[in-house]
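The values are calculated or read from the model by the stated rules, or taken from the named source; none is laboratory data. This structure is a prediction, so every number in the text was calculated from the model and none was measured. Cβ: placed from backbone, ideal geometry, glycine included. Neighbour counts: every protein chain shown.
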Amino acid sequence: MWFLEFLKAFWEAFVEEIKIGDIGEEINKGILQWQHYFEVDNIQLVITDAIIVSWIAIALMILLLWYLSRGISKKPNTRQTLIWLVVDLILKTCRDFGMSREQAEKVAPMIMSIGAVIMGCNVISVFKISPPAKNIAFPAAMAVVAIIYVLVMGIRFVGLKGFVKYMTSPMPALLPFKILDFIIKPVSLTLRLFGNVFGAFVFMEFLYIIVPAVVPGVIGLWFDIGDGIIQAVVFSYLTMSYIGEIVETANEPEDLEKKEKKMKKKAEKLAKKNSKKNPESLKAAV
């Protein structure tokens, strides 16, 4: 009898799960964030699901990175090789954006941290947990942190004089537009991350309501994992490009001078070699 009661209860729960009700109301429940207010010294504070989930995701990513990086040896294992590949990719990308090796090594830890936080917070939706980025406050906070970091590291690498050169390049009249650019960049980072994660979340909620079995799990491999990782990579990539843009523009005149000096040295060396091989032709040229 207990087995029949179990089957009956299971069937009722299954029917309730697959039954299509008010789709708009169901999606609205998924979108609305949980929040709780509490007071500390007569100051009202609020804690939301985005805050809780983001800290859980960050803790999980710290454990994952610790696991991947522990036991470093001269003979690398699979975990160590994976970390090396990621770090090497970040360093190479930074150098492609015009940064030196030393500058790339200073930037890499923060870039990897930003990517790891966003990746963990996006991929956690695979466990049917609302990703923090569906609350626009999360991507906005990440974008503000990223743009402040870009400004700090840009000034640190090129100095105030170099940063002013970047802001007024190629002509001083563009200064207001460069200032506007640093307002648009965090807005762009925010809306890109929020739009992609929020859209994927709504789509997956719709699938769970319409076809709750099998299909959402398969499609979720892309929207919950693939798209979440891509958004973290794009955010990190753009942060690197913004720093590289400052460094490359500020150092452009110096790079040209260095290239000219190298060309002159090469020309002088070639001239000396030719003069040793054929001194008569050099006299004739003179």
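Quick notes on this structure:
- Tally, over the range 95-119, of residues that are among the small types (Gly, Ala, Ser) and not in a helix (DSSP H, G or I): 2
- Residue check for Lys165: basic (Lys, Arg), more than 27 Å from Ala232 (Cβ to Cβ) and in contact (Cβ under 8 Å) with a residue 24 or more places away in the chain: yes
- Condition broken by Val107, with the remaining ones in (1) under 15 Å from Glu248 (Cβ atoms); (2) in contact with a strand residue (DSSP E or B) (Cβ under 7 Å, 6 or more places away or on another chain) satisfied: (2)
- Number of positions in the range 70-94 that are surrounded by 12 or more Cβ atoms within 10 Å (Cβ to Cβ) and either in contact (Cβ under 8 Å) with a residue 60 or more places away in the chain or part of a helix (DSSP H, G or I) (or both): 12
- Qualifying residue in the range 168-191 (condition: within 29 Å of Val123 (Cβ to Cβ), in contact with a Phe, Trp or Tyr (Cβ under 7 Å, 6 or more places away or on another chain) and not in a loop (DSSP other than H, G, I, E, B)): yes
- Ser54 vs. criteria under 30 Å from Asn251 (Cβ atoms), of a type in the set (Gly, Ala, Ser) and touching a helix residue (DSSP H, G or I) at 6+ places or on another chain (Cβ under 9 Å): no
- For the range 69-118, residues that are among the aromatic types (Phe, Trp, Tyr) and out of contact with any Ser or Thr (no Cβ under 8 Å at 6 or more places or on another chain) total 1.
- Evaluation of Val40 against the conditions (1) surrounded by 10 or more Cβ atoms within 10 Å (Cβ to Cβ); (2) farther than 19 Å from Ile136 by Cβ shows that the sole unmet condition is (1).
- Members of the range 226-265 found to be of a type in the set (Asp, Glu), over 30 Å from Val197 (Cα atoms) and at pLDDT 85 or above, listed by number: Glu248
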